[in-house]
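One structure is given below, encoded as structure tokens.
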Amino acid sequence: MILVTAATGKLGRRVVEALVRRVGASKVIAGARSPEKAAGLFDPAVTVRAVDYSRPDTLDAALAGVERVLLISGTNFGQRVAEHTAVIEAAKRAGVKQLAYTSILKGDRSPMRIAGEHVGTEAVLRASGVPFTVLRNGWYTENYTDHAEASLAHGAMIGAAGEGRVSVASRDDYAEAAAVALTTPGHEGRTWELAGDTAHTLAEVAAAVARASGRPCAYVDMPESVYRDTLVKVGLPAAGAEILADADACIAKGALEDHGGDLRALLGRPTISLADAVNRAFGV
């Protein structure tokens, strides 16, 4: 049995679907903070269990009979190491044979603020004695396409990444890679640096959005502080704006560019190109 945490999220749903294709629905457990939200999302043979990182009392029951786990990193910034640790400890009590964790590209070498909690979780996992696989995911193409309409409404995609390049890949690719790591041998003790085959500037991302949509969209670069303040003005919480602005500043320094080919190797095929991913987002 394979448990996917945060299974109703955008990545989790895709991982569940990929696992169902590989091993069948009866061997997949979808963990959700609110199980009622999973109604109708998955094959009826997929088991749904309550998994709430902030409620450790849900975890032992969720992990009963589970052999492999995908721990998708939480979104409760500042609390993530503690919450992830609760899952790891429950996995150890359950005798889980493999726990895969979705970390961040370059992990312990990353200057990004959000990397700290990922590195902290990796350290807990390595010390736990639970057989582990670290999936260091890069940026999703959907980080840009999910908000493309807002960019198109103003004819511009804003950021603070300069000429920095991002090795974006589709959530579908990352989900499939996780499913491969959980269902094929040889991944215990491995750390995979996962990123798309080709790195792009944000100007190239904006140009791809313009081509797919048939509408103007240019990249407008800003100083980090101006980008942060602009995000706050359009309604983002200050903490979220800080994280995004810092991420772009780190992109400018190469934090999310990678050419190691780990994602391609796990998938056994090329990653979905930027153009194809953007075209899919616009139904082209």
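The values are calculated or read from the model by the stated rules, or taken from the named source; none is laboratory data. Here the structure is a predicted model, which means the values were calculated and not measured. Using ideal geometry, Cβ is built from the backbone for each residue, glycine included, and neighbour counts are taken over all protein chains shown.
Things worth noting here:
- Residue within segment 243-253 that is within 30 Å of Lys97 (Cα to Cα), at pLDDT 95 or above and under 21 Å from the mean Cα position of the chain (by Cα) present: no
- Among residues that are crowded, with 22+ Cβ neighbours inside 10 Å and in contact with a Lys or Arg (Cβ under 8 Å, 6 or more places away or on another chain), Ala206 is not included.
- When we screen Ala115, Ala208, Ala161 for residues that are assigned by TED's automatic domain parsing to the domain that holds Gly12 and modelled with pLDDT of 95 or more, the only hit is Ala115.
- Qualifying residue in segment 173-195 (condition: closer than 18 Å to Phe282 by Cβ and either more than 20 Å from the chain's Cα centre (by Cα) or of a type outside the set (Ser, Thr, Tyr) (or both)): no
- Search result, residues across segment 24-37 that are over 21 Å from Ala91 (Cβ atoms) and touching a residue at least 24 places away in the same chain (Cβ under 8 Å): Ser34, Lys37
- In the condition set (1) surrounded by fewer than 23 Cβ atoms within 10 Å (Cβ to Cβ); (2) more than 16 Å from Leu182 (Cβ to Cβ); (3) in contact (Cβ under 8 Å) with a residue 40 or more places away in the chain, Thr58 is compliant with all but (3).
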